[in-house]
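> Take a look at this one; I'll ask things after.
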Amino acid sequence: MEIKELKKRQNIVQNKKLEATFQQFNNLCTELKKTNIPDDMIILINAAIEQLDTSVSSEKKLKDEIIKVQKSILKKLEKELKIVTKNYYRNLWLVLGMATFGIPLGVAFGTTIGNMGLIGIGLPLGMAIGMAVGTGMDKKAFKEGRQLNLEITY
């Protein structure tokens, strides 16, 4: 079974953002064709593509619908098959590092020195730690063949 691609629409060329979103979604479909995905997942992806193809929404709504479908496909791939895009874990852990490591480090610095104005010092440290952890997880996913050769931008 093969994954379909979105049908090209004539009004897409005039809207650069819609065209970029459209192209990114088709690139995702192309990358998914190269991977070994179970048939039930392919059926779900094709159903979502069919829904987008039959949509008669305005340009803005169509762009939002494509992004929504793309996010749901990527979420399902990550949850069920552990397949992720490039820099997925780095972007995820950037924020988690700031919250998990940065704030406690900032509070520790602030209380140790006696100046709670230094709480902000921990945020960039946590961000760096989070990026390091995420990059390591991205490299592991690449070695295991679970990473798509595609970086998603919104």
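The values are calculated or read from the model by the stated rules, or taken from the named source; none is laboratory data. Please read these numbers as outputs of a predicted model, since none were measured by experiment. Cβ placement follows ideal geometry from the backbone for every residue including glycine, while neighbour counts extend to all protein chains displayed.
> Hey, any hits in the stretch 38-47 for a residue that's farther than 17 Å from TYR154 by Cβ, small (Gly, Ala, Ser) and touching a Gly at 6+ places or on another chain (Cβ under 8 Å)?
no
> Going through ILE152, ILE129 one at a time, which residue ends up being surrounded by 17 or more Cβ atoms within 10 Å (Cβ to Cβ) and in a loop (DSSP other than H, G, I, E, B)?
None of the others qualify; the one that does is ILE152.
> Out of all the residues in the stretch 41-52, is one or more under 30 Å from GLY130 (Cα atoms) and surrounded by 16 or more Cβ atoms within 10 Å (Cβ to Cβ)?
no
Results for (1) modelled with pLDDT of 95 or more; (2) under 27 Å from ILE45 (Cα atoms), shown as yes or no for each residue.
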position: ILE66; (1), (2): no, yes
position: LEU81; (1), (2): no, yes
position: MET116; (1), (2): no, no
position: ALA128; (1), (2): yes, no
position: ALA141; (1), (2): yes, yes
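> Which fully enclosed helices (runs of 4 or more DSSP H) of the stretch 18-121 have 2 or more residues being among the hydroxyl-bearing types (Ser, Thr, Tyr) and within 18 Å of LEU150 (Cα to Cα)?
88-97
For every residue, the table says whether it meets (1) without any contact (Cβ under 8 Å) to a residue 40 or more places away in the chain; (2) on the phi < 0 side of the Ramachandran plot.
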site: ILE42; (1), (2): no, yes
site: LYS71; (1), (2): yes, yes
site: LEU81; (1), (2): no, yes
site: ASN87; (1), (2): no, no
site: LEU92; (1), (2): no, yes
site: LEU96; (1), (2): yes, yes
site: PHE101; (1), (2): yes, yes
site: VAL107; (1), (2): yes, yes
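> Could you list, ordered by first residue, the pairs with Cβ atoms under 6 Å in which the first is in the stretch 15-34 and at pLDDT below 90 and the second is surrounded by fewer than 17 Cβ atoms within 10 Å (Cβ to Cβ), at least 6 apart or interchain?
From the stretch 15-34, the pairs are ASN15/GLU59; LEU18/GLU59.
> Out of VAL56, VAL84, VAL107, which single residue is surrounded by fewer than 16 Cβ atoms within 10 Å (Cβ to Cβ), of a type outside the set (Asp, Glu) and closer than 25 Å to GLY134 by Cα? Working first, answer last.
Working: VAL56 fails: closer than 25 Å to GLY134 by Cα; VAL84 fails: surrounded by fewer than 16 Cβ atoms within 10 Å (Cβ to Cβ).
The match here is VAL107.
> Any chance you could count how many residues in the stretch 60-76 are surrounded by 15 or more Cβ atoms within 10 Å (Cβ to Cβ) and within 18 Å of VAL13 (Cβ to Cβ)?
Counting residues in the stretch 60-76 that are surrounded by 15 or more Cβ atoms within 10 Å (Cβ to Cβ) and within 18 Å of VAL13 (Cβ to Cβ) gives 3.
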